[in-house]
Amino acid sequence: MAFEIEEQRMDVHALRLGMYVCRLDRPWEETSFPLQGVGLASPEDLAAVRAVCEYVYIDLRRQVPIAPRPALTRTSLSGTRFKDTVQYADRTPVEEEAPRAHAALDNAGEMVDRIYEDIASGRELSVERVEQAVRPLVASVLRSADAFFLVEGLRRHDNYSYSHSIGCSALAAAFGRHMGFAEETILSLAAGGLLMDVGKTRVPESLLRYPGSLSPAEVDVVRSHVAAGLAIVSESDITDQDVLDILRSHHERHDGSGYPDGLAGNMIPITGRMLGIIDTYDAMISPRPYRPAISRHHALRQIYATRNTLFQAEMIERFQVCLGVYPTGSLVELSTGEVAVVMAQNQVRRLRPKVVVLTRPNKQPLEDFHQVDLMQQGHDAAVDIVRSLVAGDYGIDAAGLFLK
């Protein structure tokens, strides 16, 4: 008897693990898939299909075993897990990785929506949803951190809580990659970044968005999100010690002025020290109801000014090396008057990254953007970055221009 296929057309963002894709919206030869059929056994499979297609056809008669994944349930600590043991290198060019980074971000946003919906509805935090959010994100950052931060930096962020959790998750993955941690530890860092403010779902929105100074009692309510987040995670299957350390200690400060326990120096877990910097940095570069965003470059400068007071100096310095002087995704003004977005870092000369020029010297948008490697400029015609910009400077919508 002939094998029958029962097809159903489906938008790629409605795909779920366990489905079997039997037909694409384009010829198979235009993709990197080796066979005429893709089993969605892992979050990476979902992200790969979403990166190249708008819709596909699934075979309703065929189910795919979901690849087993180690859950975030590690409780034992290895004394060597934070040693510099892994040398990472970009495996794909920025242009090639960008669509996959975009798909990973869309997937993470969808999973975060569901995580927050579950919590708001009184349901248990799902470890599966957390892993489905962070695994494609981590995989993309490991392939090309520049591509991920180019796409992430140019996205429009409509909901601070959601975008902050995703931004911190991605930054944690990139920082862990830069530190040379094993992939399992990077996954834990990304999960911790995603969940570290989940306790704010238990704090009145009016306090989180209040534009003025809070009373001491109101400050205590806001700070209670740490305990609330630990309670939410403790009721789930997540027992990963690194994740718990991040939730518990990302508001502790090097000089002991943080909360909830007033820890200082090396008493703060290394994951908490890393995520404390990341949390502060991402908050600075994000617009809030009570203040505008600042540029990535200026956020790094402000954090550097707190070395060995709020944050450990060595950790700040490593974070700055990780991101670069002008982090990827930054909007900058060139000495020519043109406006550009930083596309990739030059590891040898960090003041001269690769950029994509968006405007003419008079700040009018170009129809065709072009790349410039500032490190390859000759001395007689050298182009420099003269200052960093924030979204909206000169009326420029970088996301609308570059990602159109």
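Where the Cα atoms of segment 85-201 are projected onto their three principal axes, how long is each span, largest first, in whole Å?
Here the spans come out as 42, 31, 19 Å, largest first.
Which whole-number percent of Cα pairs in segment 95-138 have a distance greater than 15 Å?
Value for segment 95-138: 44 percent of Cα pairs lie more than 15 Å apart.
List the residues, sorted by chain then number, that are 5 or more residues from residue 366 or on another chain and whose placed amide H is less than 5 Å from its amide H.
Residues meeting the amide H criterion: 359, 360.
How big is segment 279-341 along each principal axis, measuring the range of its Cα positions in Å and listing the largest first?
38, 30, 15
So for segment 202-249, what percent of the C-alpha to C-alpha distances run longer than 14 Å?
56 percent
Taking only protein heavy atoms into account and a 1.4 Å probe, give the accessible area per residue of segment 328-377 in Å².
Accessible surface, normalised per residue, equals 45 Å².
Counting alpha carbon pairs within less than 8 Å and at least 6 residues apart, what relative contact order, in whole percent, applies to the chain?
It rounds to 12 percent for the chain.
Would you mind getting the Kirkwood hydrodynamic radius of segment 306-370 from its Cα pairs, rounded to one decimal in Å?
Evaluated on segment 306-370, it is 13.2 Å.
Under the rule of at least 5 residues apart or a separate chain, name every residue whose amide H is placed under 5 Å from the amide H of residue 55.
Result for residue 55 returns 12, 25.
How compact is segment 214-346 by the rule of thumb for globular proteins, expressed as Cα Rg over 2.2 N^0.38 Å?
Here the Cα radius of gyration is 1.21 times the empirical estimate.
Any number yet on Rg/Rh for segment 151-247, C-alpha, Kirkwood?
1.02
What fraction of the Cα pairs in the chain, stated in percent, has a spacing above 34 angstrom?
The answer is 32 percent, as a whole percent.
Which of the trypsin sites (Lys or Arg not before Pro) found in segment 313-360 are loop residues per DSSP with 11 or fewer other Cβ atoms within 10 Å of their Cβ?
Hits after loop and neighbour filter: 349.
With every protein chain left in place, what is the accessible area per residue of segment 234-325 in square angstrom, probe 1.4 Å?
That works out to 41 Å² for each residue.
Sort out for me the Cα centre separation of segment 231-256 from segment 319-393, rounded to whole Å.
If you average the Cα positions of each part, the centres end up 37 Å apart.
Quick query: amide H of residue 311 versus all other amide H atoms, modeled in the peptide plane; which residues come in under 5 Å with a sequence gap of 5 or more or a different chain?
254
If you build the convex hull over the alpha carbons only and average its shadow over all orientations, what do you get for segment 274-383? Give it in nm² to one decimal.
Taking the Cα atoms of segment 274-383, their convex hull projects to 8.5 nm² on average.
Of all accessible surface on the chain at a 1.4 Å probe, what whole percent is carbon and sulfur?
50 percent
Considering the Cα trace of segment 166-220, what is its radius of gyration and what is Dmax, both in angstroms?
Using the Cα atoms of segment 166-220, the pair Rg, Dmax is 15.5, 43 Å.
Dipole size in debye (nearest 20) for the chain around its Cα centre, Lys and Arg Cβ +1, Asp and Glu Cβ -1?
So the magnitude is around 800 debye.
Nearest 5 is fine: what % of DSSP beta bridges in the chain come out antiparallel, could you say?
95 percent
The values are calculated or read from the model by the stated rules, or taken from the named source; none is laboratory data. Being a predicted model, the structure only gives us computed values, none of them experimental. With ideal geometry, Cβ positions are generated from the backbone for all residues, glycine too; neighbour counts draw on all protein chains shown. To get the accessible areas, we keep the full protein, side chains included, count just its heavy atoms, and leave off ligands, DNA and RNA. Shrake-Rupley method; radii C 1.70, N 1.55, O 1.52, S 1.80 Å.
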